[in-house]
Each structure stands twice: as C-alpha cells, then as structure tokens.
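Q: One structure follows; several queries about it will come next.
The values are calculated or read from the model by the stated rules, or taken from the named source; none is laboratory data. Predicted, not measured: the structure shown is a model, and the values here were computed from it. Heads up, the Cβs are rebuilt from the backbone with ideal geometry, glycines too, and the neighbour counts pull from every protein chain shown.
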C-alpha cells in the first residue's frame, strides 16, 4: 500500500463541526444588529436630505413643500425619498423627518 498524504474522514468532520459552531455563534449577532444598522442608515439619509433642503432654501428663498419638489428639481433621487427600513421621509416646515410608517 502506498503512503498517500491527505485528510482523513475524522479530520474533515472536525473541521465541519468547527465551521458550524462559528456560524451558529455569528449569525444571531448579525441579525440582532440589522435593525440598528438600518436605523443608523436612515438617520444618515435624513441628515443628507436635510442638507439638500437647506441648499434648496438658499437658491429659492423658501423651503420645499414636499419630497417630490426636491426630486423634480434634481436635489435628490427617487431612492432617497425612503429609508432602507421602509420609512418614508417627509418635510415639515423645512425639517426632514421619517413618517413613522413602514412601506416595504
């Protein structure tokens, strides 16, 4: 019989068990932080759109009445009207906020 080098079935099983344990530990952590990541992204988008509202105000000497006006004037894109968590952005008296309702 030749002396062939390679992994045995036991060694491969141990590697698969270790990988499985690592996945079992990391996946719940990722899903736990998913909502926090979406909320942080929404806050950043809100601040960015607020800066566009101020830019609109500087050019037109009035605040935009809606997000549609900002889009029509090419200050924002269609995707920037809504957060990744589904909340719509609204403008009230020149202040950008989320609508509080989710529209997936």
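Q: Is it fair to say residue 84 is touching a residue at least 12 places away in the same chain (Cβ under 8 Å) and touching a strand residue (DSSP E or B) at 6+ places or on another chain (Cβ under 6 Å)?
A: Working: touching a residue at least 12 places away in the same chain (Cβ under 8 Å): yes; touching a strand residue (DSSP E or B) at 6+ places or on another chain (Cβ under 6 Å): no.
No.
Q: Also, quick follow-up: If I ask for residues that are over 17 Å from residue 93 (Cβ atoms) and either surrounded by 11 or more Cβ atoms within 10 Å (Cβ to Cβ) or touching a residue at least 24 places away in the same chain (Cβ under 8 Å) (or both), which ones from the stretch 56-71 would you list?
A: Start the filter on the stretch 56-71 by keeping residues that are over 17 Å from residue 93 (Cβ atoms), which leaves 59, 71.
Result: 71, single match.
Q: Which residue pairs have Cβ atoms under 9 Å apart, sit 6 or more places apart or on different chains, and have a first residue in the stretch 1-19 that is modelled with pLDDT of 75 or more and a second that is surrounded by 10 or more Cβ atoms within 10 Å (Cβ to Cβ) and assigned to a helix (DSSP H, G or I)?
A: 7/15
Q: If we keep just the residues of the stretch 72-87 that are closer than 23 Å to residue 40 by Cα and surrounded by fewer than 14 Cβ atoms within 10 Å (Cβ to Cβ), which is modelled with the lowest pLDDT? Give the steps one after another, and end with the answer.
A: Pass one, the stretch 72-87, residues closer than 23 Å to residue 40 by Cα: 75-87.
This time we only want the ones that are surrounded by fewer than 14 Cβ atoms within 10 Å (Cβ to Cβ), so: 77-79, 84.
On the way: 77: 89, 78: 89, 79: 88, 84: 83.
Applying the filter and picking the extreme gives 84.
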